[in-house]
1. By DSSP, what percent of the beta bridges with both residues in the chain are antiparallel, rounded to the nearest 5?
2. For region 68-209, what is the percent of antiparallel DSSP beta bridges, rounded to the nearest 5?
3. Counting other C-beta atoms within 10 Å, which of K132, K97, K55 has the fewest, and how do the rest follow?
4. Just rank I10, I87, fewest to most, by other beta-carbon atoms within 10 angstrom.
5. What's the magnitude of the charge dipole for the chain around its Cα centre, counting Lys and Arg as +1 and Asp and Glu as -1 at the beta-carbon? Answer in Debye, nearest 20.
6. Can you tell me the relative contact order of region 174-331? Whole percent, Cα pairs under 8 Å, sequence separation 6 or more.
7. Suppose a student asked you for the relative contact order of region 26-179, using Cα pairs under 8 Å spaced at least 6 residues apart; what percent would you report?
8. Determine, for M98, M113, the number of other Cβ atoms within 10 Å of each Cβ, and report the residues in order from fewest to most.
Amino acid sequence: MSENKKLVEIEHLKQYFHARGTRGKKQYVQAVDDVSFYIYKGETLGLVGESGCGKTTVGRTMLRLYEPTEGRIIYDGKVLFDKDAGISVDMMPYRRKMQIVFQDPYASLDPRMTIGDIVGEPIDIHSLVSDKKERHDRIISLLQRVGLNSEHANRYPHEFSGGQRQRVGIARALAVDPEFIVCDEPVSALDVSIQAQVVNMFEDLQSELGLTYLFIAHDLSVVRHISNRIGVMYLGKLVELADSYELITNSLHPYTKSLISAIPVADPVTARANKRIPLAGDVPSPVNPPSGCRFRTRCPYADERCAKEVPGFKEVTSGHFAACHHLDKVK
Ligand SMILES: Nc1ncnc2c1ncn2[C@@H]1O[C@H](COP(=O)(O)OP(=O)(O)O)[C@@H](O)[C@H]1O
Ligand code: SF4
Ligand SMILES: [Mg+2]
């Protein structure tokens, strides 16, 4: 990681969607609500939380694939979006720098296009080459970079395994020489046996190319090794963020504790640091989230204050942030 220089920052980011099937009364899915964090250059920030908590929405909103409802997005010191100040820059130059690898390698590749054209498309969009030979060479070198070869260029997605397709998705993201990649659960749809290979490839690419990642996963076991720091989301809110080892061995928030206790433990340090805390009940709807702390309907420590006041996201110890009124009581 380069000397603590921030590459991407989001401040008070909100993303509300119109709720489907709510005619008449306007209702919103509060998919992301007042989330702030930053990612250092060359860092991997892991983002975890149960399905539906807003991880994908954070990733896509950061890239402005969705226009934020509120908040600020800063990239390499430049404000890309600021609702209050009325700033909304043209994203075209930034589309090259900020890429995404999608969760589902089956749905994200056009079945009618060859692998070569899928990888070549962003090269064409951004006019990165001057002739056909250069284009061809660039595609082949990208395929090789992700462990595929020149013979794969003329084939179609259906001829590939899930792991190979995800490699194609990664080659496509790399085609424009990005600096920052949102990796949206890139291994969740893959066989457990090949997940580690693909995660290792992300790590190798990062050190070769100096990339910065937001690495999204629904469980901690996938991100704990690849991430420098990890953020935990619950129902549209960031509830905790810390250095990875600190988060795993010294978590503060009751929700994080329950997630950690669900990891199958191979190492005794983690086992000792965390007793099992079962998570009761279902996740409430983001259309009508609980007042105050959104975790209160499932939290064993909840009291009246938790129903009234939204807990602030505070730096508890250096670099370790958490949002909870009763950290002193949480064991
Ligand atoms: N385009 C959309 N329109 C309406 N609701 C959406 C849209 N995208 C996501 N949501 C809702 O926002 C919430 C967060 O979704 P998402 O960001 O996909 O969560 P995650 O990636 O953590 O599983 C969910 O309740 C989801 O149904
Ligand atoms: S603020 Fe209250 S409900 Fe929320 S996590 Fe802390 S103790 Fe639990
Ligand atoms: Mg998602």
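Any read-out appearing in this document is the output of simple, stated calculations on the displayed coordinates, not a laboratory observation. Source: prediction; values computed, not measured. Neighbour counts run over all protein chains shown; Cβ positions are idealised from the backbone, glycine included.
1. 65
2. Here the antiparallel bridges make up roughly 60 percent for region 68-209.
3. Values: K132 8, K97 19, K55 25.
Result, fewest neighbours first: K132, K97, K55.
4. Numbers: I10 23, I87 13.
Ranking I10, I87 by Cβ neighbours within 10 Å, fewest first, gives I87, I10.
5. 880
6. Once normalised by length, the contact order is 18 percent.
7. Working: 152 pairs, mean separation 32.6, N = 154.
Relative contact order for region 26-179 comes out at 21 percent.
8. Ranked by crowding around the Cβ, least crowded first: M113, M98.
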